[in-house]
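For reference, the structure discussed in these notes is given below.
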Amino acid sequence: ASKSFGEGPYQRNCRELHFPFDNVCKKGLAVELENGKASKEIDKVRILNVMTEKEHLDDKSSLKLLKDPARIRNSDFQRDSKYYQKGNNALRSELALKCFSAALMTEGQSLENFHGHNLLDIVASDEVRTNLTIELLSIDAMTDPAFHQLASLVTSNIKELDINIVGCQNLTDESLHSINLPPDTLTGLHMSLGMCKQFTNEGVIATVTKLPKNLTSLTLDVRAHKKSDGSYSPSRRNDHLEAIGTHLPPSLVEIELTITLDDSEDGSGVEQLAKALPRGLKEFSLNVEKWGGFKGEYMASIAANLPLSLTSLSLRFWGGDYWEVEEVQSFATEIMKLVDLVEFSVRCTDDGKEGYYRTREFTSVEGLPVT
């Protein structure tokens, strides 16, 4: 379903709980595309021939076979049926994925039995799927056993994987350890694991050691959980940034990281990360949502270690000291060396200890002050 204006994924999931899923499942999860109707017979003929990869789109043989009561014993129909099944499985799988949140959030329902349907089996039956999106935010029913079931859907066929479990408070490091990523086929990986209060620094490190070798695109959110008093827990230390840097595949073209850092941590972790970025990287985004240890002097060192290949750069830091103009100038000197940079933005907001928040923000290289 489409998203209403202003709503996030969790609000959308709650809204969709009011859908008549029993009727949707009865028809959608048992759909047989070959038995569908078309306004004109020739339209159905062509649809069937596309599904069965026939060369001549106006050939009526597949439609005739469908109408034959004895078709089950016909070898041509048996061939066609394999193609029909692939199409049916693909559509059923897509619908089943949309039911995951409702299955977990509805009392009396589950992933294995959602109005009489096993959603996991339906998705697993889709042999042609190469992209898998699992979006289950802030759901209390997301437990380690449930996540382990979902992780089993990540097969060697998957080339693009998007997992968003932000704010699922009942998940532990056991879920992170259950993630097995295809080592050779995966090229796009987008994991939003932030705001889960039981994901430890050690769990994050264990996860990033599994990054597949052929990745070209990586999005990673490993923020700590924000508590009611505004503090973050568990710890996020420099060693998790060093682990990310150590295990970044050299094939990466774009990286987007969202993190928090303990206030006691210095700038060595971010500097090491900058040094470890693949030298052919084109796009880099780093959003440090909370870091009381930030100092403006770190920015020039970060910039000095970035790959010269970058065409897009976004840096965001919240907390710590104010970014003084002399430090901005030193940063600008290093940024000017990135001659291929087209898109650029940087924003640093201090911790507000002066009674208000002070921000430095630049949206173009030309706007940076130079000495």
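Enter the accessible area per residue of the chain (Å², integer; probe 1.4 Å; all protein chains in place). Before the final figure, lay out the partial values.
Details: 18110 Å² over 371 residues.
The answer is 49 Å² per residue.
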Response to the item:
In the chain the accessible area split gives carbon plus sulfur, as whole percent at 1.4 Å, a share of 49 percent
Response to the item:
With 0.36 nm assigned to each residue of separation and the Cα-Cα distance removed, residue 61 to residue 40 gains 5.9 nm
Discussion item. Working only with C-alpha atoms, what are the Rg and Dmax values of the chain, expressed in angstrom?
Written reply: 25.3, 85
Worksheet item: What is the distance, in nm, between label points placed 7 Å from the Cα along the Cα-to-Cβ direction at residue 162 and at residue 311?
Response: 2.2 nm
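Calculate, in whole percent, how much of the Cα-Cα pair population of the range 68-145 lies beyond 18 Å. Present the calculation step by step, with values, prior to reporting the outcome.
Working: 1548 of 3003 pairs.
So the pairs more than 18 Å apart make up 52 percent of the total in the range 68-145.
Counting Lys and Arg as +1 and Asp and Glu as -1, each charge on the Cβ, what is the dipole of the chain about the Cα centre in debye, to the nearest 20?
1580 debye
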Worksheet item: Any idea what the dipole of the range 1-133 comes to, in debye rounded to 20, about its Cα centre with Lys/Arg Cβ at +1 and Asp/Glu Cβ at -1?
Response: 320 debye
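Given 37 °C and 0.692 mPa s, how large is the Stokes-Einstein diffusion coefficient of the range 106-154 in µm²/s, with Rh as the Kirkwood radius over Cα pairs? Intermediate values should be presented prior to the final figure.
Working: Rh = 11.9 Å.
Estimated via Stokes-Einstein, D reaches 275 µm²/s.
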Item to complete: Name the residue farthest towards the positive end of the dipole of the chain from the options 302, 349, 91, assuming +1 on Cβ of Lys and Arg, -1 on Cβ of Asp and Glu, about the Cα centre.
Response: 91
Practice prompt. Quick one: pull the percentage of alpha-carbon pairs in the range 282-371 with a separation above 15 Å.
Written response: 56 percent
Worksheet, complete the sentence: Burial-style ranking of 217-227, 32-42, average other-beta-carbon count within 10 Å with highest first, yields 217-227, 32-42
Discussion item. Please compute the modelled spin-label separation between residue 210 and residue 12, points set 7 Å along Cα→Cβ, answer in nm with one decimal.
Written reply: 2.5 nm
Worksheet entry | Eligible lysines near residue 82 by straight Cα distance, threshold 24 Å, same-chain separation 8 or greater | 26, 27, 37, 44, 54, 60, 64, 67, 159
Worksheet entry | Furthest towards positive pole of dipole, 149, 195, 206, structure part the range 100-220, Cβ charges | 206
Worksheet item: Taking 0.36 nm per intervening residue step and subtracting the Cα-Cα distance, what contour gain separates residue 118 from residue 324 on full extension?
Response: 68.3 nm
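The values are calculated or read from the model by the stated rules, or taken from the named source; none is laboratory data. What you are looking at is a predicted structure, and each value in this text was computed from that prediction instead of being measured. Reconstructed Cβ throughout: ideal geometry from the backbone, glycine too, with neighbour counts over all protein chains shown. The accessibility values were calculated without ligands, DNA or RNA, using every heavy atom of the protein model including side chains. Shrake-Rupley method; radii C 1.70, N 1.55, O 1.52, S 1.80 Å.
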